[in-house]
1. For the range 72-97, enumerate the residues that are touching a Gly at 6+ places or on another chain (Cβ under 6 Å) and buried (at least 22 other Cβ atoms within 10 Å of the Cβ).
2. Hey, any hits in the range 218-227 for a residue that's touching a residue at least 40 places away in the same chain (Cβ under 8 Å), assigned to a strand (DSSP E or B) and crowded, with 22+ Cβ neighbours inside 10 Å?
3. Hey, among Asp179, Asp140, Asp230, Asp159, which residue is within 15 Å of the chain's Cα centre (by Cα), under 15 Å from Asp120 (Cβ atoms) and of a type in the set (D, E, K, R)?
4. Can you name the condition, by its number, that Asp67 falls short on among (1) surrounded by fewer than 18 Cβ atoms within 10 Å (Cβ to Cβ); (2) over 15 Å from the mean Cα position of the chain (by Cα)?
5. With the structure loaded, tell me whether Leu68 is assigned to a loop (DSSP other than H, G, I, E, B), closer than 28 Å to Thr119 by Cα and not hydroxyl-bearing (Ser, Thr, Tyr) or whether it fails that test.
6. When you go through Gly187, Gly207, Gly213 one by one, which is the residue that is surrounded by fewer than 19 Cβ atoms within 10 Å (Cβ to Cβ) and free of Cβ contacts under 8 Å to residues at least 12 places away in the same chain?
7. Just to check your reading of the model, which residue among Phe146, Phe118 is in a strand (DSSP E or B), more than 15 Å from His77 (Cα to Cα), modelled with pLDDT of 95 or more and not charged (D, E, K, R)?
8. Inside the range 1-44, can you point out the residues that are in a strand (DSSP E or B) and farther than 17 Å from Val72 by Cα?
Amino acid sequence: MLVEPDGVLEKVASGTVWAEGPVWLAESRTLRFSDIPNNRILEFSEDSGELRVHREDVEFTNGRTLDLDGSVLQCSHGRRAVERERDGLVEVVVDRWAGVPFNSPNDVIVKSDGTIWFTDPSYGIRKPDEGHPGELEYGDHFVFRFDPRDGSVTPVVIDVEMPNGLAFSPDESLLYVADSGVAPPNGVRDPNRPGGHSIHCYDVFDGRLCKNGREFVEVNPGLPDGIRVDETGNVWSSSGDSVQVFAPSGERVEQVRVPETVANLCFGGDDGRTLYITATTSLYRIRTTVRDTVAVRRSSAGGR
């Protein structure tokens, strides 16, 4: 059982247009997330139960995660970049490949070797309420790997139509990538392109090469947006009516019904077993019996 036997879905905050990009900040016991169309970042306090505006006019931030040093990495649609927020200061980490800007980085994760992996669909340059008008400078939508040690930027997945959420398996031998291609940014789907609503899976070789891409699961209703992997390897995915959980075999083993379309999710709380869910206008939470694989991996590495 992945949800506590007496676990009940609780709405803890509301008032957003499209809530996205949650990350748990253990030191302050807060959940930080984006309200993309309102161009602001919000924080929910687990201590007080209050929702406050963290920053406004943030250039349409979306997905975020913690870097190995504890700073917040976040995707900026407006800046077409992955940026870092630390001690109240924001700096661009990476914003181009092969001499041209990205589309609009959407979600980001950090591997245990410190490399930063992120998806680059085009919602921020094609949807007027999520960024600024722009062009596909490199002509497609890729998943990239940025290595801060040498500054290299490498496409690692090029065959997912609209890459969105992403997550590693507990041992980082697999990379899961959500495809939201069934909902193209401009609302018009090209029949010659294969986008759908599946989570794809890739074998990771040498910590940097993604091969043997295949469909892991098709998510219905709606589509997979944000995803997470727990400590036992289960994949937790957003969908049109719930959070759906899939075993490594692809079998659906849990479903948390949510009364709004789910955009993203993350684990938090003092023990890491509170699942926070960003769903359209509201923030929800429910208690689980597992933790995020990232939290477990970092704690076993001595809190690095």
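The values are calculated or read from the model by the stated rules, or taken from the named source; none is laboratory data. Quick caveat: nothing in here was measured; it's all calculated off a predicted structure. Reconstructed Cβ throughout: ideal geometry from the backbone, glycine too, with neighbour counts over all protein chains shown.
1. Cys75, His77
2. yes
3. Result of the check over Asp179, Asp140, Asp230, Asp159: Asp179.
4. Single failed check for Asp67: (2).
5. yes
6. It is Gly187.
7. Only one candidate qualifies: Phe146.
8. Across the range 1-44, the qualifying residues are Val3, Glu10, Lys11, Val12, Ala13, Ser14, Ala19.
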